[in-house]
1. Specify which residue in the list PHE27, ALA42, ASN61 is farthest towards the positive end of the charge dipole of region 1-86, using unit charges on the beta carbon of Lys, Arg (+1) and Asp, Glu (-1), about the Cα centre.
2. Give me the number: length gained by fully extending ILE31 to GLU16, i.e. 0.36 nm times residue separation minus the C-alpha to C-alpha distance, one decimal in nm.
3. Want the number for GLU87 to GLU2: 0.36 nm per residue separation, take away the alpha-carbon distance, what's left?
4. Mind checking the dipole of the chain: about its Cα centre, +1 per Lys or Arg Cβ, -1 per Asp or Glu Cβ, Debye to the nearest 20?
5. What is the gain in length, in nm to one decimal, between GLU72 and THR48 on full extension, counting 0.36 nm per residue of separation less the C-alpha to C-alpha distance?
6. Under 5 Å between amide H atoms, partner at least 5 residues away or on a different chain: which partners does GLY24 have, H built in plane at 1.01 Å?
7. When only C-alpha pairs under 8 Å and at least 6 residues apart count, what is the relative contact order of the chain, in percent?
8. Using amide H atoms built in the peptide plane, which far-off residues or other-chain residues are under 5 Å from ASN85 H to H?
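Please treat every number below as a calculation from the coordinates, not as lab data. None of the values given here were measured: they were computed from a predicted structure. FYI the Cβ positions are ideal-geometry reconstructions off the backbone, even for glycines, and counts take in every protein chain you see.
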Amino acid sequence: MELIVEDKAVKWFEEEVGRAEGAGIRFKTMIYGSSPVQDSFALQVEPTEPHSPIVTFTSDNGLLFFIEKDDEWFFKEHDLVVSFNNELNEPKYIYRKDGVDLN
């Protein structure tokens, strides 16, 4: 599993979510949603400190993004690419497996 956060998305997270001392941006499971990889579950974002990350991404300016071991099941061995949707002015989440995007 790999986590990639593109530059425009990093900038959005810094401006909209902020950066607390010692905290990073966690991508985690949310009940009652949908995603290309899981029915009835979606992805949510939480600014918090990492505890048992299985994958991390650190931006050039030091902002940490991560997925905890507890949420590994959600991704079903897919990589997560966090891109940016210029029209909606928000992050876009792409699930990728073996070089193929599910979105």
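1. Positive-end residue among those listed: ALA42.
2. On the way: separation 15, 0.36 × 15 = 5.40 nm, distance 2.31 nm.
Residue separation times 0.36 nm, minus the Cα-Cα distance, leaves 3.1 nm.
3. 28.0 nm
4. Working: 10 positive and 21 negative charges, 23 e Å.
Charge dipole of the chain: 100 debye, to the nearest 20.
5. On the way: separation 24, 0.36 × 24 = 8.64 nm, distance 1.72 nm.
My answer for the length gained is 6.9 nm.
6. Hits under the 5 Å cutoff: THR48, GLU49.
7. Values: 191 pairs, mean separation 31.8, N = 103.
Contact order relative to length: 31 percent.
8. Residues meeting the criterion, in which the H sits 1.01 Å from N, are GLU90, LYS92.
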